[in-house]
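So the structure is just underneath, and the comments pick up after that.
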Amino acid sequence: MTFSLRVANGDLALSGSQLDVVYGTNKLVQDLTLWVAERYGVDRFHPWFGSQLENYIGGVISTNTQAMVQGEVNRVLDNYQRVQARNFQQSPSLYSLTEILNTVNSVVASITYDEVDVSVNVSNAVQQTATISVSQGA
């Protein structure tokens, strides 16, 4: 089973006097939230990491905009799933089935002139569902 340091309000979270960690489904939710919320290309070591949701803020909102936002979120989740599958093949004993992204059930986007809100429902490998919500605003 892998773990991550827990992030709360953009900062590392504490549990008493120690850094808190997340496992399983909570880790999956945190990972996906961070992947979708991160701006595309800002990590010089992983230039493919993140999303381009901020590109949809301040532009013309057409009938295609919602589909383009949903497509962008699906691209990010597909990247996450590919990385996870590759790592799982290399070291399967490190993973719990509760942290494996199995399916993306829905992606719902709401776009206004100065904000993009996305809600994503996913299932892990044991068919537990979880929802992530990401807002990008000006």
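Numbers for the structure displayed
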| read-out | value |
| --- | --- |
| Nearest-ten-degree value, helix 65-90 long axis tilted from longest Cα axis of the chain | 20 |
| Loop-resident sites, segment 1-93, for trypsin sites (Lys or Arg not before Pro), counting at most 11 other Cβ within 10 Å (DSSP) | ARG44 |
| Förster radius 30 Å - calculated FRET efficiency between ASN55 and GLN128 (Cβ-Cβ, nearest 0.05) | 0.40 |
| ARG39 long-range amide H proximity, modeled H, under 5 Å | SER51 |
| Net lengthening on full extension, ASP78/SER93 (0.36 nm per residue, minus Cα-Cα) | 3.2 nm |
| Separation of the GLN70 and ASP20 label points, Cα + 7 Å toward Cβ, nm | 3.4 |
| Estimated [θ] at 222 nm from DSSP helical runs (n ≥ 4, -39500 (n - 2.57)) normalised by residues in the chain, nearest 500 | -10000 deg cm²/dmol |
| Derived scalar couplings ³J(HN,Hα) [segment 114-121; Karplus, 6.51 cos²θ - 1.76 cosθ + 1.60; whole Hz; x for Gly, Pro] | 10, 7, 10, 10, 10, 10, 10, 10 |
| Taking ILE100, ILE61, ILE132 and counting other C-beta atoms within 10 Å, the order from fewest to most | ILE61, ILE100, ILE132 |
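Just so you know, all these numbers are worked out from the coordinates, no wet-lab data involved. Bear in mind that the values here come from a model prediction, so they are computed numbers and not experimental data. Note that we place each Cβ from the backbone using ideal geometry, even for glycine, and neighbour counts take in every protein chain shown.
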